Amino acid sequence: MTTPQQFDAIVIGSGQAGTPLSTALAEASMHTALIEREHVGGTCINEGCTPTKTMVASARVAYLARRGADYGVHAGDIRIDMECVRQRKRDIVNSFRNGSQGRIEKTANLELIFGEASFTGARSLLVRQKDGGQRVLTAGKIFIDAGARPSVPALDGLKTVPFLDSTSIMELDAVPEHLLVLGGGYVGLEFGQMFRRFGSRVTIVQSAGQLLDREDPDIAEEVARILQQDGVEVLLNANANRVSQSDGGIRLEVQQHGHSTALAGSHLLVATGRVPNSDTLNLVAAGVQTDDHGFIKVNGRLETTSNGIYALGDIKGGPAFTHISYDDFRIIRTNLIEKGSATTDGRLVPYTVFIDPQLGRVGMTETEARAQKRNIRVATLPMTSVARALEVDETRGFMKAIVDGEDNQILGAAVLGIEGGEIMSALEIAMMGKLPYTALRDGVFAHPTLAESLNNLFMAMDSGK
């Protein structure tokens, strides 16, 4: 029988909530254990933000190199070395991961344990360590930051074909001849455009009537148009019925508008969402409840249904973004260490889809505002009207802001354009400071910058253009 080891706090998962939380608890003189199943850093560093954006950057260099003649620069033939792209990605990931692990290991009162945890009671965990051993840990407070993983849809034949997910596709050592992408969300679009720029033929199969089905239709339509300009084939209202291997490749049967079509590809990327890593935690033993999809139920203070147990990051559902996970950590730190009173209630949820040009989003969509019967005004500005975009020949997309018709507050924004995430952040700052849109309309911004376009965005609304 393994002797239980007592800690003040246990953190399950070293993602972008768990890692800073574990060090903060330890620095607050709490004897803390951080349990990590695979590698330090969570999805963001290892399979998400960091590796994908390094590869997006490589793809953008290829895109600009091919466009060199448009700028009077003749670069010659462009060749993609996927092994080099992959190694660059691996090197950056390893740098981030090792740096994070080194900081953890140097923190007093904090023990990093590599293994898989499962509850044996409300205050106890069994950890099956990577080295084959087992430990029983107990603590007065336990924090779950175990994240999520790519989902595998119930598609006929999928178990018989060598399909890719958002992790394995980044380990390819050669450019696919024809990449079939199942799913038109953030992951599918980023990889779809990326591999098109690397030289693949790409077909995106989306079951919904638009890409990015949570966005306003006008945004989604412009995204589809941009991808199609880049040579990506986009199939909407297309339901995948069956997949099989054929002639050394992939055969995907799709039903669209009442007709069945067989797509032939060399590779298949399944990008149909993510599922929480709650199924191995034995949450029942701890009295922690989940919803129908396995996400852990929490209140605004991130408390679960079991006293003393908290859930942070992707495993609790809601927006699955690194910056939200980190803010979850700040809420816990504020409440438990600083004795404050922070909640998730009313927090803004910004995000950027790293297609090119970027889509930056924050706050309400127009669709949401109209569904609530809000009195709104909508400001739009094509990137063709932005001086800086014209100067660098990056004029695809448009900007859009939703404004309260009564108090002139900005309710939400979408910026589909060059550095859209950065421009969106300026709008978010105005929302955080509760500035009326007129403050941006009349603000003095440096010329020529992208931020300067905020003048024109709101001037166009007032002029009725």
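Coordinate-derived values only; no laboratory data. Values in this document were obtained by computation on a predicted structure and should not be read as measured data. Methodologically, a virtual Cβ is constructed for each residue, glycine included, from the backbone with ideal geometry; neighbour enumeration extends over all protein chains shown.
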Given the C-alpha centroids of segment 100-162 and segment 47-61, what is the distance between them in whole angstrom? 27 Å
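What 222 nm value per residue comes from the helices of the chain, counting each DSSP H run with n ≥ 4 as -39,500 (n - 2.57) and dividing by all residues, nearest 500 deg cm²/dmol? Before the final figure, lay out the partial values.
Numbers: 12 runs with 134 residues, N = 465.
It lands at -9000 deg cm²/dmol.
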Going by how many other beta carbons lie within 10 Å of each one, how would you line up L180, L137, fewest first? L137, L180
Among I45, Q193, T138, which residue has its Cα furthest toward the positive end of the charge dipole of the chain, with +1 on Lys/Arg Cβ and -1 on Asp/Glu Cβ? T138
Helix 186-198 sits off the longest principal axis of the Cα atoms of the chain, rounded to the nearest 10 on a 0 to 90 degree scale, by 60 degrees
In terms of the charge dipole of the chain, which places +1 on Lys and Arg and -1 on Asp and Glu at the beta carbon, the residue among L416, G397, A24 farthest towards the positive end is A24
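With a 10 Å radius around each residue's Cβ, average the other Cβ atoms per peptide and rank 68-77, 341-350, highest first.
On the way: 68-77: 8.8, 341-350: 13.0.
By packing density, highest mean first, the sequence is 341-350, 68-77.
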Identified option (computed Rg/Rh (Cα atoms, Kirkwood Rh); candidates (i) 0.95; (ii) 1.37; (iii) 0.99): (iii)
Net charge near A240, counting Lys/Arg +1 and Asp/Glu -1 over other residues with Cβ under 13 Å of its Cβ? 0
Can you put E366, E36, E391 in order of Cβ neighbours within 10 angstrom, beginning with the fewest? E391, E366, E36
How far is helix 217-229 tilted, in degrees, relative to the longest principal axis of the Cα atoms in the chain, given as a value from 0 to 90 rounded to the nearest 10? 70 degrees
Tell me the angle of helix 82-105 to the major Cα principal axis of the chain, expressed in degrees between 0 and 90 and rounded to the nearest ten. 40 degrees
